[in-house]
Amino acid sequence: MIPGYNEEENIIPSFEKIRSVFASELPAYDYELIFVDDGSTDNSENILEKLGRENQNFKYLIFSRNFGKEAATTAGLKVAGGDAVLMIDADLQHPIELIPEFVKKWEAGAEVVIGVRNKSKSDSWVKKIGSNVFYRIMTIISDTKITPRATDFRLLDKKVVLSFRRFTEHGRMTRGLIDWLGFKREYINFDANSRLHGRASYNKIKLAKLAFSSFITYSLFPLKLVGYLGSIITLLAGAFGFFTILGKYVFHNRFFSSFTGSAQLAILIVFLVGMMMAGLGLVSLYIANIKIEVANRPNYINRKSNF
Ligand code: UDP
Ligand code: MG
């Protein structure tokens, strides 16, 4: 399954390469290639229709406009019918020649095989630092385990695909949802190629937005942050205020006696602001509950049963 947005020059090379890999290394397998066109504005549509006419195992979906890669992968997983589904980018950055390795791990019992990108020298330092910070924060705040540099280059067993279809939430990141599902996973390291044709449609701003929305969709921590901060501020300001009053009016301590009225007022204000933030935090706990209910994720995912 391939999501693609303005990939006119890459569609045929991808298909050819996949076909030759299956023919030479996986001759025993039936496969179909599902291309999800995410509202391309180039000539993709004609190419897809032509490939569809000429090849029985070439299927396509064409979106009415650009909905984003996450929507495209969701659509692909919805229609894919095989015993396993492999997701791969259209730009040949994910090495197609590794597909037999994915299949081998799957045959050996893995239910999710995840391509992990090796560190690359060609990444700009902004991207390197950005992704480092992202994974650091994500590991701290997220409830599910995150593997750094794990990509969308993945093979999913049918069981996993069926479970994936149960998600109803809208703001989604396919990778994150697959991670949440669990199942037996295996990893394959690979060196990403450079794009065959065209330019990456994920620029830095789009990536930053995706990172930010991952923080808030995959973790409730940011929501609770203000509450934690408020509690800490209240506690510190409260303690400090208490010692100030005690020091100034009871023990006549030199240090605390030097505090003017406005200094005491400042402490009081910080204390009250902290209380307000703690109150906001309390409200956000309720919002967190609403978010969990609205996302309506399955309560559990079975991996096996003999019912
Ligand atoms: N893609 C998509 N919809 C979009 C943007 C990208 O389907 O709105 C596809 C794109 O065609 C490619 C994959 O998602 O197959 C990865 O995108 P890209 O190469 O732009 O980003 P990268 O992750 O390689 O930086
Ligand atoms: Mg790419």
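The values are calculated or read from the model by the stated rules, or taken from the named source; none is laboratory data. A quick note: this is a predicted structure, and the numbers were derived from the prediction, not measured. Here the Cβ is made from the backbone with ideal geometry for all residues, glycine too, and neighbour counts use every protein chain on show. In case anyone asks, the SASA skips ligands and DNA or RNA and just uses the protein heavy atoms, side chains included. Shrake-Rupley method; radii C 1.70, N 1.55, O 1.52, S 1.80 Å.
For the range 174-191, enumerate the residues that are farther than 17 Å from W106 by Cα, more than 16 Å from ligand 2 (Cβ to nearest atom) and buried (at least 20 other Cβ atoms within 10 Å of the Cβ). Of everything in the range 174-191, just one residue is farther than 17 Å from W106 by Cα, more than 16 Å from ligand 2 (Cβ to nearest atom) and buried (at least 20 other Cβ atoms within 10 Å of the Cβ), namely L177. Going through (1) small (G, A, S); (2) surrounded by 17 or more Cβ atoms within 10 Å (Cβ to Cβ); (3) without any contact (Cβ under 8 Å) to a residue 60 or more places away in the chain one by one, G238 falls short only on (2). Pairs linking a residue in the range 187-212 that is farther than 18 Å from T147 by Cβ to a residue that is among the aliphatic types (A, V, I, L, M) and within 12 Å of ligand 1 (Cβ to nearest atom), with Cβ atoms under 7 Å and 6 or more positions apart or on different chains, are N193/L92; L196/L92.
Which of the residues that make up the range 184-204 are more than 13 Å from ligand 1 (Cβ to nearest atom) and out of contact with any strand residue (DSSP E or B) (no Cβ under 6 Å at 6 or more places or on another chain)? K184, D191 - these are the residues of the range 184-204 that are more than 13 Å from ligand 1 (Cβ to nearest atom) and out of contact with any strand residue (DSSP E or B) (no Cβ under 6 Å at 6 or more places or on another chain).
Taken together, the residues in the range 43-83 that are open to solvent by less than 30 Å² (accessible area, probe 1.4 Å) and assigned to a strand (DSSP E or B) amount to 1. Taken as a whole, the condition of being more than 26 Å from R165 (Cα to Cα), modelled with pLDDT under 95 and touching an Asp or Glu at 6+ places or on another chain (Cβ under 9 Å) does not apply to E49. Here K291 fits the description: in a helix (DSSP H, G or I) and more than 16 Å from ligand 1 (Cβ to nearest atom). The set of residues in the range 7-61 being under 30 Å from E107 (Cα atoms), of a type in the set (D, E) and touching a strand residue (DSSP E or B) at 6+ places or on another chain (Cβ under 7 Å) consists of E32, D37. None of P3, P100 is open to solvent by less than 20 Å² (accessible area, probe 1.4 Å) and touching a Ser or Thr at 6+ places or on another chain (Cβ under 8 Å) except P3. Of all residues in the range 96-107, at least one satisfies being of a type outside the set (V, I, T), part of a helix (DSSP H, G or I), without any contact (Cβ under 8 Å) to a residue 12 or more places away in the chain and farther than 17 Å from G176 by Cα.
Number of residues in the range 111-154 that are more than 19 Å from F183 (Cα to Cα), surrounded by 14 or more Cβ atoms within 10 Å (Cβ to Cβ), in contact (Cβ under 8 Å) with a residue 40 or more places away in the chain and not β-branched (V, I, T) equals 4.
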